[in-house]
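K.L.:
What follows is a single structure, and I will ask about it in a moment.
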Amino acid sequence: MKNKFSLPLLLVLLLISTPLLAQEVSQTVVRNGLSTGTAIGVSIAVVTSWTRNRSILWAILHGFFNWFYVIYFSLTRLEDER
């Protein structure tokens, strides 16, 4: 008799808990994706700034503006930087 009730109870608990678990996972993926995209943008901005200016202060400033500087750099890069 115990086994007869355990399967439906397990299915009900699984159906109730799935939306809650899925919500937490999706929020974690969005946060990690955003931080990964920001980290890549900062890395590219700092490297391109250092390549062009050879200045730590400019590299820090351009790292702060990350993807905006990467787009600016790609539009204004010189012939020898290609």
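The values are calculated or read from the model by the stated rules, or taken from the named source; none is laboratory data. What you are looking at is a predicted structure, and each value in this text was computed from that prediction instead of being measured. Here Cβ is always computed from backbone atoms with ideal geometry, including for glycine, and neighbour counts include all displayed protein chains.
K.L.:
Just to be sure before I move on: is Leu7 part of a helix (DSSP H, G or I), at pLDDT below 90 and surrounded by fewer than 10 Cβ atoms within 10 Å (Cβ to Cβ) in the structure I sent?
P.N.:
It is true that Leu7 is part of a helix (DSSP H, G or I), at pLDDT below 90 and surrounded by fewer than 10 Cβ atoms within 10 Å (Cβ to Cβ).
K.L.:
For the range 49-56, check the following and say yes or no: at least one residue is among the hydrophobic types (A, V, I, L, M, F, W, C), modelled with pLDDT of 90 or more and either touching a strand residue (DSSP E or B) at 6+ places or on another chain (Cβ under 8 Å) or not in a loop (DSSP other than H, G, I, E, B) (or both).
P.N.:
Yes; the residues of the range 49-56 include at least one that is among the hydrophobic types (A, V, I, L, M, F, W, C), modelled with pLDDT of 90 or more and either touching a strand residue (DSSP E or B) at 6+ places or on another chain (Cβ under 8 Å) or not in a loop (DSSP other than H, G, I, E, B) (or both).
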